[in-house]
Amino acid sequence: LAKTTQPISMDSYEGQEVNITCSHNNIATNDYITWYQQFPSQGPRFIIQGYKTKVTNEVASLFIPADRKSSTLSLPRVSLSDTAVYYCLVGEKNAGNMLTFGGGTRLMVKP
Amino acid sequence: DTGVSQDPRHKITKRGQNVTFRCDPISEHNRLYWYRQTLGQGPEFLTYFQNEAQLEKSRLLSDRFSAERPKGSFSTLEIQRTEQGDSAMYLCASSLDGGQGSPLHFGNGTRLTVT
(Lines give C-alpha, C1' and ligand atoms only; values in the text may rest on other atoms or scores of the structure.)
Protein backbone atom coordinates (compact mmCIF):
# COMPACT_ATOMS: atom_id res chain seq x y z
CA LEU A 1 0.00 0.00 0.00
CA ALA A 2 1.35 3.40 -0.97
CA LYS A 3 2.08 5.56 2.06
CA THR A 4 1.64 9.28 2.21
CA THR A 5 3.43 12.07 4.03
CA GLN A 6 1.77 15.39 4.70
CA PRO A 7 2.37 18.24 7.16
CA ILE A 8 0.93 17.66 10.60
CA SER A 9 -0.55 21.13 10.81
CA MET A 10 -0.91 24.43 8.96
CA ASP A 11 -2.21 27.86 9.87
CA SER A 12 -3.83 30.34 7.54
CA TYR A 13 -6.03 33.43 7.57
CA GLU A 14 -9.44 33.99 6.14
CA GLY A 15 -9.43 34.85 2.46
CA GLN A 16 -6.05 33.28 1.75
CA GLU A 17 -5.34 30.42 -0.60
CA VAL A 18 -4.11 27.31 1.17
CA ASN A 19 -1.97 24.66 -0.47
CA ILE A 20 -1.43 21.33 1.28
CA THR A 21 1.18 19.08 -0.28
CA CYS A 22 1.24 15.32 0.08
CA SER A 23 4.17 13.06 -0.81
CA HIS A 24 3.53 9.56 -2.10
CA ASN A 25 6.81 8.30 -3.55
CA ASN A 26 5.63 4.71 -3.92
CA ILE A 27 2.42 5.41 -5.81
CA ALA A 28 1.45 2.56 -8.13
CA THR A 29 0.29 2.81 -11.72
CA ASN A 30 -3.32 2.04 -10.84
CA ASP A 31 -3.47 4.33 -7.81
CA TYR A 32 -5.62 7.44 -7.59
CA ILE A 33 -5.11 10.35 -5.18
CA THR A 34 -8.08 11.28 -3.04
CA TRP A 35 -8.51 14.00 -0.43
CA TYR A 36 -10.98 13.98 2.43
CA GLN A 37 -11.93 16.65 4.96
CA GLN A 38 -12.97 15.86 8.50
CA PHE A 39 -14.56 18.08 11.15
CA PRO A 40 -14.64 17.09 14.83
CA SER A 41 -17.25 14.45 15.65
CA GLN A 42 -18.07 13.90 11.99
CA GLY A 43 -17.03 11.34 9.42
CA PRO A 44 -14.59 12.27 6.65
CA ARG A 45 -16.09 14.01 3.64
CA PHE A 46 -14.84 13.51 0.09
CA ILE A 47 -13.29 16.64 -1.42
CA ILE A 48 -11.58 15.72 -4.67
CA GLN A 49 -9.93 12.87 -6.55
CA GLY A 50 -7.46 12.74 -9.41
CA TYR A 51 -5.03 10.59 -11.34
CA LYS A 52 -2.80 13.10 -13.12
CA THR A 53 -2.39 16.77 -14.06
CA LYS A 54 -5.08 19.00 -12.59
CA VAL A 55 -8.58 18.44 -11.32
CA THR A 56 -10.89 21.22 -10.19
CA ASN A 57 -14.32 21.19 -8.62
CA GLU A 58 -16.46 23.71 -6.80
CA VAL A 59 -14.49 23.50 -3.55
CA ALA A 60 -10.86 22.72 -4.43
CA SER A 61 -8.20 22.03 -7.02
CA LEU A 62 -5.80 19.11 -7.08
CA PHE A 63 -2.45 19.45 -8.79
CA ILE A 64 -0.51 16.31 -9.67
CA PRO A 65 2.91 16.54 -11.37
CA ALA A 66 3.91 14.18 -14.15
CA ASP A 67 5.84 11.80 -11.88
CA ARG A 68 2.80 11.57 -9.54
CA LYS A 69 5.06 11.28 -6.51
CA SER A 70 3.32 14.18 -4.84
CA SER A 71 0.10 16.14 -5.06
CA THR A 72 -1.15 19.50 -3.83
CA LEU A 73 -4.63 20.28 -2.59
CA SER A 74 -5.46 23.93 -3.15
CA LEU A 75 -8.27 25.60 -1.24
CA PRO A 76 -9.07 29.06 -2.62
CA ARG A 77 -10.00 31.87 -0.25
CA VAL A 78 -10.45 29.83 2.92
CA SER A 79 -12.94 30.76 5.60
CA LEU A 80 -13.13 29.89 9.29
CA SER A 81 -15.38 26.94 8.40
CA ASP A 82 -12.52 25.33 6.48
CA THR A 83 -10.76 24.61 9.79
CA ALA A 84 -10.56 20.83 9.73
CA VAL A 85 -8.27 17.85 9.23
CA TYR A 86 -7.41 17.06 5.62
CA TYR A 87 -6.38 13.55 4.61
CA CYS A 88 -4.46 12.58 1.50
CA LEU A 89 -5.01 9.00 0.41
CA VAL A 90 -3.49 6.93 -2.37
CA GLY A 91 -4.92 3.68 -3.64
CA GLU A 92 -6.95 1.91 -6.26
CA LYS A 93 -9.89 4.04 -7.24
CA ASN A 94 -12.60 3.98 -4.60
CA ALA A 95 -11.26 0.79 -3.02
CA GLY A 96 -11.88 1.66 0.60
CA ASN A 97 -10.17 -1.47 1.86
CA MET A 98 -6.95 -0.30 0.22
CA LEU A 99 -6.88 3.19 1.70
CA THR A 100 -4.59 4.22 4.56
CA PHE A 101 -5.62 7.50 6.12
CA GLY A 102 -2.58 8.46 8.13
CA GLY A 103 -2.66 11.38 10.55
CA GLY A 104 -3.79 14.08 8.14
CA THR A 105 -3.06 17.82 8.15
CA ARG A 106 -4.79 19.95 10.75
CA LEU A 107 -5.64 23.25 9.08
CA MET A 108 -6.44 26.16 11.36
CA VAL A 109 -7.97 29.20 9.68
CA LYS A 110 -7.73 32.35 11.73
CA PRO A 111 -9.79 35.53 11.39
CA ASP B 1 -31.10 13.36 3.85
CA THR B 2 -30.03 10.23 2.01
CA GLY B 3 -26.51 9.97 3.36
CA VAL B 4 -24.99 7.23 5.48
CA SER B 5 -26.60 7.04 8.90
CA GLN B 6 -25.24 5.38 12.01
CA ASP B 7 -26.96 4.50 15.24
CA PRO B 8 -26.40 5.21 18.05
CA ARG B 9 -24.23 8.33 17.88
CA HIS B 10 -22.83 7.65 21.33
CA LYS B 11 -22.59 4.54 23.45
CA ILE B 12 -21.20 4.21 26.95
CA THR B 13 -20.79 0.71 28.26
CA LYS B 14 -19.03 -1.12 31.03
CA ARG B 15 -16.09 -3.38 30.34
CA GLY B 16 -17.19 -6.88 29.53
CA GLN B 17 -20.54 -5.91 28.05
CA ASN B 18 -21.54 -6.51 24.43
CA VAL B 19 -22.46 -3.66 22.12
CA THR B 20 -23.96 -3.51 18.65
CA PHE B 21 -23.88 -0.63 16.19
CA ARG B 22 -25.95 -0.17 13.08
CA CYS B 23 -25.13 1.43 9.75
CA ASP B 24 -27.56 2.31 6.99
CA PRO B 25 -25.65 3.04 3.78
CA ILE B 26 -26.76 5.09 0.81
CA SER B 27 -29.43 2.89 -0.74
CA GLU B 28 -27.86 2.20 -4.13
CA HIS B 29 -24.37 1.60 -2.76
CA ASN B 30 -23.25 -2.01 -2.88
CA ARG B 31 -20.06 -1.65 -0.85
CA LEU B 32 -20.07 -1.01 2.87
CA TYR B 33 -17.02 -0.41 5.06
CA TRP B 34 -16.33 -0.22 8.77
CA TYR B 35 -13.48 1.86 10.14
CA ARG B 36 -12.26 2.69 13.63
CA GLN B 37 -10.81 6.04 14.61
CA THR B 38 -9.07 6.96 17.84
CA LEU B 39 -8.40 10.50 19.00
CA GLY B 40 -5.85 12.33 16.86
CA GLN B 41 -5.50 9.49 14.38
CA GLY B 42 -6.95 8.84 10.96
CA PRO B 43 -9.58 6.15 10.41
CA GLU B 44 -8.32 2.54 10.28
CA PHE B 45 -9.96 -0.02 8.02
CA LEU B 46 -11.70 -2.90 9.81
CA THR B 47 -13.78 -4.78 7.25
CA TYR B 48 -15.92 -4.39 4.16
CA PHE B 49 -18.84 -5.97 2.35
CA GLN B 50 -19.72 -6.26 -1.30
CA ASN B 51 -23.49 -6.65 -1.11
CA GLU B 52 -23.99 -9.25 1.63
CA ALA B 53 -20.57 -10.89 1.30
CA GLN B 54 -17.86 -9.92 3.77
CA LEU B 55 -14.81 -9.82 1.54
CA GLU B 56 -12.01 -8.65 3.79
CA LYS B 57 -11.19 -8.29 7.45
CA SER B 58 -8.31 -6.33 8.88
CA ARG B 59 -6.03 -7.93 11.45
CA LEU B 60 -7.38 -5.20 13.74
CA LEU B 61 -10.68 -7.07 13.80
CA SER B 62 -10.20 -9.47 16.68
CA ASP B 63 -12.47 -12.45 17.24
CA ARG B 64 -14.53 -10.34 19.64
CA PHE B 65 -15.69 -8.29 16.68
CA SER B 66 -18.27 -9.49 14.18
CA ALA B 67 -19.96 -7.67 11.35
CA GLU B 68 -22.94 -8.65 9.25
CA ARG B 69 -24.83 -7.32 6.30
CA PRO B 70 -27.60 -9.90 6.00
CA LYS B 71 -29.57 -8.55 3.06
CA GLY B 72 -26.95 -6.40 1.44
CA SER B 73 -28.50 -3.26 2.87
CA PHE B 74 -27.85 -2.20 6.48
CA SER B 75 -24.96 -3.59 8.48
CA THR B 76 -24.28 -4.26 12.14
CA LEU B 77 -20.98 -4.33 14.00
CA GLU B 78 -20.97 -6.20 17.29
CA ILE B 79 -18.22 -6.10 19.89
CA GLN B 80 -18.34 -8.81 22.53
CA ARG B 81 -16.75 -8.56 25.97
CA THR B 82 -15.74 -4.95 25.42
CA GLU B 83 -12.38 -3.73 26.68
CA GLN B 84 -11.25 -0.20 27.46
CA GLY B 85 -9.04 -0.30 24.38
CA ASP B 86 -12.16 -0.60 22.25
CA SER B 87 -13.06 2.99 23.07
CA ALA B 88 -13.05 4.80 19.74
CA MET B 89 -15.22 6.27 17.01
CA TYR B 90 -16.61 3.57 14.74
CA LEU B 91 -17.24 4.87 11.25
CA CYS B 92 -19.27 3.32 8.49
CA ALA B 93 -18.86 4.24 4.84
CA SER B 94 -20.51 3.13 1.62
CA SER B 95 -19.66 3.37 -2.04
CA LEU B 96 -20.82 2.23 -5.43
CA ASP B 97 -18.64 -0.30 -7.16
CA GLY B 98 -18.45 -0.82 -10.88
CA GLY B 99 -17.91 1.51 -13.78
CA GLN B 100 -16.54 4.77 -12.51
CA GLY B 101 -17.74 3.83 -9.06
CA SER B 102 -17.93 6.45 -6.36
CA PRO B 103 -15.73 7.67 -3.55
CA LEU B 104 -16.50 6.63 0.00
CA HIS B 105 -19.37 8.38 1.75
CA PHE B 106 -18.99 8.29 5.52
CA GLY B 107 -21.52 8.44 8.29
CA ASN B 108 -20.88 10.53 11.38
CA GLY B 109 -19.90 7.53 13.42
CA THR B 110 -20.74 5.91 16.73
CA ARG B 111 -18.53 7.02 19.59
CA LEU B 112 -17.96 4.15 22.01
CA THR B 113 -16.72 4.72 25.53
CA VAL B 114 -15.88 1.65 27.61
CA THR B 115 -15.62 2.35 31.32
Pull up the stretch A:59-83, narrow it to residues that are in a loop (DSSP other than H, G, I, E, B) and among the hydrophobic types (A, V, I, L, M, F, W, C), then point me to the one that is surrounded by the fewest Cβ atoms within 10 Å (Cβ to Cβ). A:A66
So in the stretch B:101-115, with the set limited to residues that are modelled with pLDDT of 95 or more and part of a strand (DSSP E or B), which one is surrounded by the fewest Cβ atoms within 10 Å (Cβ to Cβ)? B:T113
Just wondering, is there one or more residues in the stretch A:8-20 that are within 14 Å of chain B (Cβ to nearest Cβ) and either over 23 Å from B:Q6 (Cβ atoms) or not aromatic (F, W, Y) (or both)? yes
For A:L107, indicate whether it is within 14 Å of chain B (Cβ to nearest Cβ), under 13 Å from the mean Cα position of the chain (by Cα), surrounded by 17 or more Cβ atoms within 10 Å (Cβ to Cβ) and touching a residue at least 60 places away in the same chain (Cβ under 8 Å). no
Out of (1) assigned to a loop (DSSP other than H, G, I, E, B); (2) touching a Gly at 6+ places or on another chain (Cβ under 7 Å); (3) more than 9 Å from chain A (Cβ to nearest Cβ), what's the single condition that is false for B:H29? (2)
Quick one: would you say B:L46 is within 12 Å of chain A (Cβ to nearest Cβ), more than 23 Å from B:N108 (Cβ to Cβ) and in contact with a Phe, Trp or Tyr (Cβ under 9 Å, 6 or more places away or on another chain)? no
Those residues of the stretch A:37-77 which are within 21 Å of A:E92 (Cα to Cα) and among the charged types (D, E, K, R) amount to A:R45, A:K52, A:K54, A:D67, A:R68, A:K69
Which numbered condition A:Y86 misses (of (1) part of a helix (DSSP H, G or I); (2) crowded, with 16+ Cβ neighbours inside 10 Å; (3) more than 10 Å from chain B (Cβ to nearest Cβ)): (1)
Positions within the stretch B:18-37 being surrounded by 13 or more Cβ atoms within 10 Å (Cβ to Cβ) and farther than 13 Å from B:H105 by Cβ, in sequence order: B:V19, B:T20, B:F21, B:R22, B:W34, B:R36, B:Q37
Specify which of the listed residues (B:L91, B:L39, B:L60, B:L77) is within 14 Å of chain A (Cβ to nearest Cβ) and modelled with pLDDT of 95 or more. B:L91
Check the stretch B:56-65 and report whether any residue there is assigned to a strand (DSSP E or B) and among the aliphatic types (A, V, I, L, M). no
What about A:P40, is it part of a loop (DSSP other than H, G, I, E, B) and free of Cβ contacts under 8 Å to residues at least 60 places away in the same chain? yes
Which numbered condition B:G98 fails, given (1) at pLDDT below 95; (2) under 15 Å from A:G43 (Cβ atoms): (2)
Tell me, which residue of the stretch B:55-95 that is in contact (Cβ under 8 Å) with a residue 60 or more places away in the chain and closer than 19 Å to B:P25 by Cβ is farthest from the chain's Cα centre (by Cα)? B:S95
If you take the residues in the stretch A:21-37 that are of a type in the set (S, T, N, Q) and surrounded by fewer than 21 Cβ atoms within 10 Å (Cβ to Cβ), which one is nearest to the other protein chains (Cβ to nearest Cβ)? A:N30
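The values are calculated or read from the model by the stated rules, or taken from the named source; none is laboratory data. Everything numeric here is computed off the predicted structure, so don't read it as measured data. Positions of Cβ are backbone-derived with ideal geometry, glycine not excepted, and every protein chain shown enters the neighbour counts.
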